[in-house]
1. Per DSSP H run of n ≥ 4, the term is -39500 (n - 2.57); total these for chain D, divide by its residue number, and report the mean residue ellipticity at 222 nm rounded to 500 deg cm²/dmol.
2. Which whole-number percent is the relative contact order of chain A (Cα, under 8 Å, 6+ apart)?
3. On a C-alpha basis, how far is the centre of segment C:1-52 from the centre of segment A:27-59 in Å? Whole number, if you could?
4. How far is residue D:63 from the same spot in each other copy, in nm, shortest first, if each label point sits 7 Å from Cα toward Cβ?
5. For peptide B:7-18, compute the average count of partner chain beta-carbon atoms within 10 Å of each residue's beta-carbon.
6. In chain D, what residue has the beta-carbon at the shortest distance from the axis of the rotation relating D to C, and what is that distance in angstrom, rounded to the whole number?
7. In which sequence would B:25, C:22, D:19 go, from the one with the fewest C-beta neighbours within 10 Å to the one with the most?
8. For peptide B:40-50, how many partner chain Cβ atoms fall within 10 Å of a residue's Cβ, on average?
Amino acid sequence: MKIYQVERTLWSTNRIPQLKNLPLLVVKERGGARSVAVDAVGCVPGDWVICVSGSGSRAATGDKDYPTDLTIVGIIDVWEEDG
Amino acid sequence: MKIYQVERTLWSTNRIPQLKNLPLLVVKERGGARSVAVDAVGCVPGDWVICVSGSGSRAATGDKDYPTDLTIVGIIDVWEEDG
Amino acid sequence: MKIYQVERTLWSTNRIPQLKNLPLLVVKERGGARSVAVDAVGCVPGDWVICVSGSGSRAATGDKDYPTDLTIVGIIDVWEEDG
Amino acid sequence: MKIYQVERTLWSTNRIPQLKNLPLLVVKERGGARSVAVDAVGCVPGDWVICVSGSGSRAATGDKDYPTDLTIVGIIDVWEEDG
Amino acid sequence: MKIYQVERTLWSTNRIPQLKNLPLLVVKERGGARSVAVDAVGCVPGDWVICVSGSGSRAATGDKDYPTDLTIVGIIDVWEEDG
């Protein structure tokens, strides 16, 4: 898993029905590009979170057919961004 | 998922039959290389879109045996390219 | 999917039986390293092709248990390499 | 598989129930970014370990539905970090 | 698939039982970092080999539940390292 920081919610009205109404969040790896993750926990912007990628991200949503490749599975209690 | 911008349609007459007649689009990540994505939504060039990779991209086409590794699953309502 | 150019056939006499007699081709992404892809279409050196990676590459061979991670699924009609 | 060095335990109280009580460890590839791995062996900080990624990391936990993408599967007997 | 050169055997006494007694080899991509691959062919140090990654690497071991993400599937007959 990788550690990301939540930036904001991403709005996409025109999307495939399989995505249902789970929130899509823009997340950012330290020094990395932005990604979009499905939120299975309930996060707010600024949270440091653990994201699962690959086929494990589908299992994390509780629906193996959910079309994701990145899912937030936990909020980190304390994270000091290393400089 | 990652955010891409749609460039154009890719034509490939000589291809395996499992690809069926779903459109293949050339998409470009900001500052990244071009990729080819299956369009499950209906996009036009210039759209900023969300793409699912890996095994989730097959689920997104509605056919788990579809041989893809990148599928467009949503058009972003508003996307300000960060400079 | 990614776009590659076919370089040449790769010979490997000593290999696991599951690879069968499908041709293995050395392909090259523009500016990227060489990879080895299974050819499900029938290509010649110089062709610009679409390759599927991950679990979709196995579905593309028509045998879900085929041990590949990169399969050529189509030849591009016209491709102008961008300089 | 890749070789990582264990740094420390990662605490995440607010997480999805599927993660159960398996320990999550912060691991670091030489010269690479930090990742988070599920520990299926029993490691202490400083250990050099072998991690499996992708769908194989789920099989390594003994529960195919475990939502991980990186699992520690072995401790290396002797590892001289190459300089 | 990618092309690697075999360096040496990796010893890991303390490992999960699912890894069984298949040999683990340290392999190196040209100019890339070291990885660890399961040997399904029978290689010696110095051999140039083809490795399958992802879920295909599990199929290559003949046991779909084998927890690997990189498996050696063939030895290359002739490989001239390009300079």
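Just so it is clear, none of the values below were taken in a lab; they were calculated from the coordinates. Computed from a predicted model, the values in this text were never measured in an experiment. All Cβ positions, glycine included, derive from the backbone under ideal geometry; neighbour counts span all protein chains shown.
1. Dividing the helical sum by the residues of chain D leaves -1000 deg cm²/dmol.
2. Contact order relative to length: 30 percent.
3. 34
4. Its label point is 2.2, 2.2, 3.6, 3.6 nm from the equivalent points in the other copies.
5. 6
6. Residue plus distance in Å, as requested: D:55, 4.
7. So the ranking, lowest neighbour count to highest, is C:22, D:19, B:25.
8. Mean inter-chain Cβ contacts per residue within 10 Å come to 2.
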